[in-house]
Amino acid sequence: MNATSNQVQWSETRPSRLESLRGRLKDCRGANMVEAAMVVPLLLLLTFAVVDFSILMHAYLALENGVSQATRYAVTGQLMNNPGNPGQKFSREQSIKIAMRQATPSLQISDSAFQFYNVTKGTSGTGGPNDVIRVTVNYPWRAFTPLLRPFFTNGEIQLRVSSTMKNEPFPTS
């Protein structure tokens, strides 16, 4: 009987498995870390997405302003001086590209991004006096956040801006 009473005392002092599990489930230590580990990545993705789209909007507005400035320059028929060859001037198309790049210093725009169209004659080019011309710029914008890139073709958005104006009656040379 003595051995049995020892067993009873020992089992009464040892917590049951159910009580042990219940105690662990009530323990909240580390819960904040788990919650933070779940929420922080989503907040960071949201923050970087907002930053990416802000940069996208800046690029788009800069392009709109730049193409407007370039078209305003184009309608005058003026040519810019070539600093590499004093006394010589750039071509009309090159002068318009330079005007665009001066209006958008934060963007790197390649020569192939420009399109010139003479609306009056239905041909490509910058047109002559009193012709209606359109200057179009295609600019590939790449998302900075790698997690956003799969949502766009090749991780890029093609920004296309254009401006149409009538050339002034400038003298042709």
Next on the checklist: Out of the residues in segment 149-173 meeting the condition of being part of a loop (DSSP other than H, G, I, E, B) and surrounded by fewer than 16 Cβ atoms within 10 Å (Cβ to Cβ), tell me which one is modelled with the lowest pLDDT.
Outcome noted: Ser173
Checklist entry - Is one or more of the residues making up segment 58-69 in contact (Cβ under 8 Å) with a residue 60 or more places away in the chain and among the acidic types (Asp, Glu)? => result yes
Checklist entry - If you check every pair at least six apart or on different chains, which have Cβ atoms under 7 Å apart with a residue in segment 91-112 that is within 12 Å of Asn65 (Cβ to Cβ) and without any contact (Cβ under 8 Å) to a residue 60 or more places away in the chain first and a residue that is of a type in the set (Ser, Thr, Tyr) and not in a loop (DSSP other than H, G, I, E, B) second? => result Ala99/Tyr73; Leu107/Tyr139
Next on the checklist: Between Met100, Met80, which is touching a Gly at 6+ places or on another chain (Cβ under 6 Å) and hydrophobic (A, V, I, L, M, F, W, C)?
Outcome noted: Met100
Checklist entry - Listed residues Gln108, Gln78; which is closer than 30 Å to Met165 by Cβ, surrounded by 11 or more Cβ atoms within 10 Å (Cβ to Cβ) and at pLDDT 90 or above? => result Gln78
Checklist outcome for this item: All-but-one check, Thr136 against (1) modelled with pLDDT of 95 or more; (2) surrounded by 14 or more Cβ atoms within 10 Å (Cβ to Cβ); (3) more than 21 Å from Leu159 (Cβ to Cβ), failing number (3)
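This table checks each residue for (1) closer than 30 Å to Phe151 by Cα; (2) in a helix (DSSP H, G or I).
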{"residue": "Leu43", "(1), (2)": "yes, yes"}
{"residue": "Asp52", "(1), (2)": "yes, yes"}
{"residue": "Leu56", "(1), (2)": "yes, yes"}
{"residue": "Tyr60", "(1), (2)": "yes, yes"}
{"residue": "Gln69", "(1), (2)": "no, yes"}
{"residue": "Arg72", "(1), (2)": "no, yes"}
{"residue": "Gln78", "(1), (2)": "no, no"}
{"residue": "Gly87", "(1), (2)": "no, no"}
{"residue": "Ser95", "(1), (2)": "no, yes"}
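The values are calculated or read from the model by the stated rules, or taken from the named source; none is laboratory data. In this text, all values refer to a predicted model and were calculated from it rather than measured experimentally. Neighbour counts are summed over all protein chains in view; Cβ atoms, including those assigned to glycine, are modelled from backbone coordinates with ideal geometry.
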